[in-house]
Amino acid sequence: MTAARPEARPALAGRARMSPRRRAQLSRRIQYVVLVAVVIVLAVTADWGRIGEAFFNKVAFQNIAPDLPGATLNTVVYTFAAFAVGLSLGTLLALMKLSSVRVWRILATGYVEFFRGIPALLVVLAFGYAIPTAFEVRFDSVILQIALALGAVSGAYVAETLRAGIQAVPKGQIEAARSLGMSSGATLRRVVIPQAFRIVLPPLTNEMVLLLKDTSLVFALGLGTAEFELTKVGRSALSQAGGGLTSIIAIGLVYLLLTIPLSSLTRWLERTTGYKGHA
Amino acid sequence: MSTPTPGPVVEIAGLHKSFGEREVLRGIDLTVRQGEVVCIIGASGSGKSTLLRCINLLEQPTAGTIHVLGTEVTDPDVDIDRVRTHVGMVFQQFNLFPHRSVLENCTLAQRQVLHRSTAEAEAVAMKNLEHVGLADRANSAPGQLSGGQQQRVAIARALSMDPALMLFDEPTSALDPELVGEVLAVMRTLAEEGMTMLVVTHEMIFAREVGDRVIFLDDGVILEEGPPDQVLGAPREERTQAFLRRVLDPTHIDPT
């Protein structure tokens, strides 16, 4: 090869193509045009009068509004009660899964597989009807009943989350603590769990959001009006005449008001826990 | 805290360690006297770290006996936590507790294990942080320190338990070259103060200048041992010579 001049390179000399930057720009413009078109079509074809009537009906909203604070409180109470049960049970199961005693590991694995594999509604029904019959116990409070039922399910998920979090703490951390003479219990409490906590915080929040929504299953227990939570209130309002789906919209908004702050809470906890240091 | 023991600090006899089928240590006999600095060298996979980790039972020996400060740690019923409070360990990866400040790293075990008051633990910790030249970083988080500083904190953390023996597992291998010196300087001071030390290292100059004795470990056995000048300066064994050539002159490796 002698004197290879630029013209001798066909790849560069060929027909002028659009540059990658220009192509990406064009692609973005097309996507915006499609999006705007879809919005325009929806806005034009929708019957706004009827939508206002059926979804944002003022009268229907005024009917349901007085029930919302109580229902919200019930939802929150059910959630926290179930989460308390789920977290305690999950911690126990996670420690069982990490135990050196084989029987504990087998039992915990069996539990997790069972409760992860069946719908939560079945468990709620079991606590409503099957367990009272089988063990001749009567649950006086709906809170206790729903906390045990949903907590039993949630415990299975929490157990897996915690186990993964504990195992994600580097082995060197445990070795460092043990080589300082700390017992395995002190190592777990002072070194492993504080670090695992930060790791499991986002998935645990997720679990809490799922629980919050699962509290709607409480209807299967048969409730007095004072025990209604959000979904039950919304469904009852739905069966009353007029207002269409307004109650569902209202309930949905309340759920969002509860769940969205939870995500910010997680971010805040992640930021503020753990030592940042100064100077 | 630690009472000086009349006998040897570490006494290892017939130590074997296997990981499954693989036998990593194949009959180690080693005695370390009070105040001695013993450097363990050898190729990777020769069992150096495993030997060190058997001494405080981070690895459970397969066979043989180990006595540390007069206590047999290979006894199945040994209270290993008690023995470990007298044996400091420094790891290649520092292993500082990231969720605690530098000071808390040094006080946690003092308070948990030795049940010292917060004030006493902090006084001891500050004394040792000063010793490694990091008293001014007591309130920093470990993540804010350089590798060399972190390793010095790890040394201060171990020293805060007033150990009678210090184990160093390749303390400078994870450090940038320019940070190795500050850690070795701390270790040298420690040796000069009479601390009994077992050091797994690739720093031949440190072994030569600070070590009282050098042990060359090869394929799970002690192939050669003696004063640094002899083992490093005039090794008898061919494999020791080959190893030292590879370490001291790494650009002229014979590829076979």
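Points worth noting:
- When B:Val78, B:Val73, B:Val83, B:Val68 are screened for being among the aliphatic types (A, V, I, L, M), out of contact with any helix residue (DSSP H, G or I) (no Cβ under 7 Å at 6 or more places or on another chain) and more than 10 Å from chain A (Cβ to nearest Cβ), only B:Val78 passes.
- Any hit, the range B:56-64, residues being out of contact with any Lys or Arg (no Cβ under 7 Å at 6 or more places or on another chain) and more than 14 Å from every other protein chain (Cβ to nearest Cβ): yes
- Verdict on A:Thr225 being out of contact with any Lys or Arg (no Cβ under 7 Å at 6 or more places or on another chain) and either open to solvent by 30 Å² or more (accessible area, probe 1.4 Å) or within 14 Å of another protein chain (Cβ to nearest Cβ) (or both): yes
- Single unsatisfied condition, A:Arg178 versus (1) within 14 Å of chain B (Cβ to nearest Cβ); (2) under 27 Å from the mean Cα position of the chain (by Cα); (3) among the charged types (D, E, K, R): (2)
- Within the range B:164-188, the set of residues being within 24 Å of B:Ala109 (Cα to Cα) and either more than 12 Å from the chain's Cα centre (by Cα) or open to solvent by 20 Å² or more (accessible area, probe 1.4 Å) (or both) comprises B:Ala164, B:Glu170, B:Val183, B:Val186.
- Taken over the range B:87-125, the criterion of being out of contact with any Asp or Glu (no Cβ under 8 Å at 6 or more places or on another chain), open to solvent by 60 Å² or more (accessible area, probe 1.4 Å) and within 12 Å of chain A (Cβ to nearest Cβ) is satisfied by B:Gln93, B:Pro98, B:Glu104, B:Arg111, B:His115.
- Residues that are in a helix (DSSP H, G or I), surrounded by fewer than 18 Cβ atoms within 10 Å (Cβ to Cβ) and either in contact with a His (Cβ under 7 Å, 6 or more places away or on another chain) or among the polar types (S, T, N, Q) (or both), drawn from the range B:139-158: B:Gln144
- Out of A:Ala159, A:Ala168, sole residue that is crowded, with 20+ Cβ neighbours inside 10 Å, small (Gly, Ala, Ser) and either in contact (Cβ under 8 Å) with a residue 24 or more places away in the chain or more than 9 Å from chain B (Cβ to nearest Cβ) (or both): A:Ala159
- Here A:Asp140 passes the criteria (1) open to solvent by 50 Å² or more (accessible area, probe 1.4 Å); (2) closer than 26 Å to A:Ser216 by Cα; (3) assigned to a helix (DSSP H, G or I) except the one numbered (3).
- B:Val153 out of contact with any strand residue (DSSP E or B) (no Cβ under 7 Å at 6 or more places or on another chain), away from chain A (no Cβ under 13 Å) and either more than 24 Å from B:Val83 (Cβ to Cβ) or hydrophobic (A, V, I, L, M, F, W, C) (or both): no
- Here A:Leu211 meets each of (1) in contact (Cβ under 8 Å) with a residue 60 or more places away in the chain; (2) closer than 30 Å to A:Gly70 by Cα; (3) surrounded by fewer than 17 Cβ atoms within 10 Å (Cβ to Cβ) with one exception, condition (3).
The values are calculated or read from the model by the stated rules, or taken from the named source; none is laboratory data. Keep in mind that what you see is a predicted model, and the values were worked out from it rather than measured. Reconstructed Cβ throughout: ideal geometry from the backbone, glycine too, with neighbour counts over all protein chains shown. Note: areas computed on protein heavy atoms with side chains; ligands, DNA, RNA excluded. Shrake-Rupley method; radii C 1.70, N 1.55, O 1.52, S 1.80 Å.
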